[in-house]
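Here the structure is laid out as structure tokens; the discussion comes afterwards.
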Amino acid sequence: MIRPLLWLLGAILLGGIVHLSTVLVMPRAATQDAYARLVPLTPVNAMVPLAAPTAENAIMPLMDPAFAAAVCRYDLSDGAIKLNAPLSQAYTSVTFYTRNSVAYYAIDDRAAGRRAIELDLMTPEQHAQVPEGEDVTAADRLIIESPTKTGLIVLRALAPEPGLMPMARQALANAQCRLGPVQ
Amino acid sequence: MRLLFGSCFALILAAAIGLGATWLTITRGVAFGSLTIGAWTAWPKSGSVDIDPYARATIARTGELPLGTGDGVAFYARTDDAGNHFDGRCTFIISGVTPAARYWTLTLYDPDGHLVANTIDRHGFTSAEILRDIEGRFTIAVAPRARPGNWLPTGGIERYILVWRLYDTPIGVATRTAKEAPMPAIARKACS
């Protein structure tokens, strides 16, 4: 009588292990995550506007239709990235995602303070090589460390009314994302 | 023979339990650290590096990009305050006040996160375009047929979700109660 119960207990324990490991492996195994969806649509290390979501067609689910969006799919293998994003009139934000869609940093126009959001993105190793003393971190430019070599920078500009969407798109059109040394 | 049968049984059962639990948690969107106010639920940690493994797996499956914590916070609703599931053939009235935020948007999606086709091509409202009464309050009618005032068309679909996104807001990981974040009420009216 006790033996089937032991088998059952073993199965439940093993099932728990299967459950936890599949949950942990899922982000690596996913073939349709945001990054994978953007690979065919975006070049590396360049800011590209994203098509607005419609009922028939959306690049990703749950995109906010009130926003114009642009994305920079980055690869830090060849050096650090410089991001320069002029602000739109209403609300602009920049969010940094790892290869697996984890939002590790986000900043909006008010926090950025000026008329453009200017950031340097680099790996922790590249950051360590930035010569100290040279006031690279001195308020002027913000340095962000990326936990992964590749990832996504998503720039979003709000169109408070549908008629203001061209303005929001225009603000994003001037944004730049390129490889560049830290001066 | 008995050993073989027993181990086969255990392995099959283990696979079924493990994969079944994974499927259930990921399709239902289970995540820790939720903040529920009325009918609205947010997962502020999902927009930061503190995101839990379940939310990570869910996001990898759906392909969405969560709203970053420094950007804003998204509240999701699937039912009204009384627990009635949203039905695109009924009228739901959203009214009241919103938490402090520089801007907010309200968007209607189908349960998979796609926008819903409708005759006037409207998928939501922003805080700037909503019509308000003299005291600054607003009422939004989520309904299949045209309504005066703030009408959010459902396209007549059976199930939908509403997402309320607050941008540049103090609401976040540290928020605990409805007092800090008063979310609008949702009530079901007539069904057609």
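Size of the dipole of segment B:1-158 about the Cα centre, Lys and Arg at +1 and Asp and Glu at -1 on the beta carbon, nothing else charged, in debye to 20?
It comes to approximately 280 debye.
Normalised by the residues of chain B, what does the relative contact order come to in percent, with Cα pairs under 8 Å and at least six apart?
Reported relative contact order: 27 percent.
Considering only protein heavy atoms, what per residue accessible area in square angstrom results for segment A:17-122 with a 1.4 angstrom probe?
40
Could you work out the local net charge near B:A77, counting Lys and Arg as +1, Asp and Glu as -1, over the other residues with Cβ closer than 15 Å to its Cβ?
Cβ neighbours under 15 Å give a net charge of 0.
For B:R78 and A:N174, what does the FRET efficiency come to when R0 = 45 Å and r is the distance between their Cβ atoms, rounded to the nearest 0.05?
Efficiency, from the Cβ-Cβ distance: 0.70.
Given a 1.4 angstrom probe, I'd like the percentage of the accessible area of segment A:75-159 that is carbon and sulfur, rounded to a whole number.
Answer for segment A:75-159: carbon and sulfur cover 45 percent of the accessible area.
What are the ³J(HN,Hα) values, in whole Hz, obtained from phi via the Karplus relation 6.51 cos²θ - 1.76 cosθ + 1.60 with θ = phi - 60°, for each residue of segment B:115-128 in sequence order, with x given for Gly and Pro?
Each residue of segment B:115-128 in turn: 5, 10, 5, 8, 5, 9, 6, 10, 10, x, 10, 10, 4, 7 Hz.
A drop of at least 50 square angstrom in accessible area, chain alone versus all protein chains together, probe 1.4 Å. Which residues of segment B:113-156 meet that?
Those are B:L115, which lose 50 Å² or more relative to the chain on its own.
Quick check: convex hull over the Cα atoms of segment A:17-127, volume per residue in Å³, rounded to an integer?
148
Kindly identify residues of segment A:91-122 having a loss of at least 30 Å² in accessible area between the isolated chain and the assembly of all protein chains, probe radius 1.4 Å.
Buried-area filter returns A:Y91, A:Y97, A:S101, A:V102, A:A103, A:A106, A:D108, A:R110.
Can you work out ³J(HN,Hα) from phi for every residue in segment B:77-90, in order, using Karplus 6.51 cos²θ - 1.76 cosθ + 1.60 and θ = phi - 60°, giving whole Hz and x for Gly and Pro?
For segment B:77-90, the Karplus curve yields 9, 10, 9, 7, 4, 8, x, 6, 5, 4, 10, x, 8, 9 Hz.
What is the projected area of the convex hull of the Cα atoms of segment B:1-87, averaged over all directions, in nm²?
8.5
Within segment A:33-69, list the residues whose amide N lies under 11 Å from a label point set 7 Å along Cα→Cβ of A:D75.
Residues A:43-45 fall inside that zone.
Interface B/A, total buried accessible area with a 1.4 Å probe, nearest 100 Å²?
In total, chains B and A hide about 4400 Å² from solvent.
Return the FRET efficiency for the residue pair A:L41, A:I12: r is the Cβ-Cβ distance, R0 is 41 Å, and the value is rounded to the nearest 0.05.
Once the sixth-power term is evaluated, E becomes 0.40.
Strictly under 4.7 angstrom between C-beta atoms: which cysteines of chain B have no such partner?
If one checks each Cβ against the other cysteines of chain B, B:C8 turn up with nothing under 4.7 Å.
Per residue of segment A:150-161, in order, report the coupling 6.51 cos²θ - 1.76 cosθ + 1.60 (Karplus, θ = phi - 60°) as ³J(HN,Hα) in whole Hz, putting x for Gly and Pro.
The phi angles translate into 10, x, 10, 10, 10, 9, 10, 10, 7, 9, x, 10 Hz.
Can you give me the long-range amide H partners of B:L152? Hydrogens built in the peptide plane at 1.01 Å from N, cutoff under 5 Å, separation of 5 or more residues or another chain.
Long-range HN contacts for B:L152: B:A141, B:V142, B:A143.
With every protein chain present, what is the per residue accessible area of segment B:32-108 (1.4 Å probe, Å²)?
Averaged over the residues of segment B:32-108, the accessible area is 34 Å².
The values are calculated or read from the model by the stated rules, or taken from the named source; none is laboratory data. Please read these numbers as outputs of a predicted model, since none were measured by experiment. Using ideal geometry, Cβ is built from the backbone for each residue, glycine included, and neighbour counts are taken over all protein chains shown. Note: areas computed on protein heavy atoms with side chains; ligands, DNA, RNA excluded. Shrake-Rupley method; radii C 1.70, N 1.55, O 1.52, S 1.80 Å.
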